[in-house]
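These notes concern the structure reproduced below.
The values are calculated or read from the model by the stated rules, or taken from the named source; none is laboratory data. The structure displayed is predicted, hence computed values, not measured ones. Don't worry about glycine lacking a Cβ; one is built from the backbone with ideal geometry, like all the others, and counts go over all protein chains shown. The accessibility values were calculated without ligands, DNA or RNA, using every heavy atom of the protein model including side chains. Shrake-Rupley method; radii C 1.70, N 1.55, O 1.52, S 1.80 Å.
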Amino acid sequence: MQKEVFTKLEKLQDSLKAKFHVEEEIKQLPHELKIKKAQLDKLRSDFEELNLNVQTVEKECKTLRFEYDNAVIAHENNQKQMEVISTQREFEALEKQISDSHILEQNLLKQLHAKEKTLTQLKEELEEKSVVLNEVEAEVKSEEAKYDAILIDKVSQKNQLENECNSIVDQYQISPELFKKFSSIVKNKDGSGIVPIHDNVCEGCHMLLPIQFVNEVRSLENIEFCPYCSRVLYYEETELSNSTDSMEIEEGSLSTFADDDEFDLDSF
Ligand SMILES: [Zn+2]
């Protein structure tokens, strides 16, 4: 394996990092719009409910008006009857009827006025709600237009970065398995998927690594992943490691240490 493998992975890491960043931005975009839309839905349903209420009260007013008109006619008819009665008994009966029909007429008029007052109030309320509804509808429309424009832009950025990743993968013949694994490490480790070993320490998680494992990384036979943080590791000389370069390889202690994580570079 050549050291340039790590340069390829670093290039891939840059593009992946940028792509994940744009994907996160796309995810966050509709949040504001969702809140506004929920507000609009609530306003619409309130408006509809109130509108139905107005229609019901309008019908009730109509019925009361009809009943009141009939009561007026009945009362007038009763009064006309006065002209044609002859006996005291008939007079008393009619007088009672006139009084009753007058009370009914007055009651209905009172109810009608109260109902009409309610109707006026409800209509005013409906008008106010309609103004707010129109305002929020316009806001949502303009937010949607803005959102669409930004989304188109972000999606095109994301596609471009995806193409960049694919072309790096093609160009350097990175296997689909390694691409998948490396992508998920970059995503889960905040964009840092490949780190050096300095003085036997993983620069990603700062854990001290066993010497035999460090030697395996140095040997460049396979791509090795940090057993603690899963990042891809490469060996990098430091002043200290230069001065202690003659370290011994301890045999046997790590024979199964990184078997699950190592990558055969024949497939790379
Ligand atoms: Zn690590």
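The listed residues 229, 205, once ranked by accessible area (1.4 Å probe) with the largest placed first, stand as 205, 229. Could you point to the residue in 151, 54, 211 farthest towards the positive end of the chain's charge dipole, with +1 and -1 charges on the Cβ of Lys/Arg and Asp/Glu respectively? Sorting the options by dipole projection puts first 54. Here each label is just a point 7 Å from Cα along the line to Cβ, and for residue 211 and residue 109 those points are 11.2 nm apart. Where in segment 37-53 is the amide nitrogen less than 13 Å from a point lying 7 Å along the Cα-to-Cβ axis of residue 128? Flagged as within label range: none.
Remark: the chain carries a charge dipole of roughly 1560 debye about the Cα centre, counting +1 on each Lys and Arg Cβ and -1 on each Asp and Glu Cβ. With N counted as the residues of the chain, its alpha-carbon radius of gyration over 2.2 N^0.38 Å works out to 2.30.
Within segment 124-141, find all residues whose amide N lies under 15 Å from a label point positioned 7 Å from the Cα of residue 44 along Cα-to-beta-carbon. Label zone hits: 130, 133-141.
Measuring r between the beta carbons of residue 4 and residue 135 and using R0 = 41 Å, the FRET efficiency lands at 0.10. Exceedance of the 24 Å cut-off in Cα-Cα distance is limited, within the set 11/189; 8/181; 34/187, to 34/187. Dipole magnitude for segment 55-189: computed about the Cα centre from +1 point charges on Lys and Arg Cβ and -1 point charges on Asp and Glu Cβ, it is near 760 debye. Taking GluC sites (Glu not before Pro) in DSSP loop states with no more than 10 other Cβ atoms inside 10 Å as exposed sites, the chain has its longest site-free stretch at 1-247. Report summary: the helix-based calculation at 222 nm, which adds -39500 (n - 2.57) for every DSSP H run with n ≥ 4 and divides by the residues of the chain, gives -25500 deg cm²/dmol. Note that the chain presents 64 Å² accessible area per residue, ligands and nucleic acids not counted, probe 1.4 Å. The lysines within cross-link reach of residue 96, meaning a Cα-to-Cα straight distance under 22 Å and a gap of 8 or more places when in the same chain, are 80, 110.
Between residue 29 and residue 171, the C-beta separation translates, for a Förster distance of 35 Å, into a calculated FRET efficiency of about 0.65. Cross-link list 36/141; 17/158; 62/115; 36/123: which exceed 19 angstrom alpha carbon to alpha carbon? Distance filter (> 19 Å) returns 36/123. Here residue 26 sits with roughly 40 square angstrom of accessible surface, probe radius 1.4 Å.
Residue separation of residue 220 and residue 86 scaled by 0.36 nm, minus their Cα-Cα distance, works out to 35.3 nm of gained length. Roughly to the nearest percent, how much of the accessible area of the chain is carbon and sulfur, given a 1.4 Å probe? Exposed carbon and sulfur together represent 50 percent of the surface.
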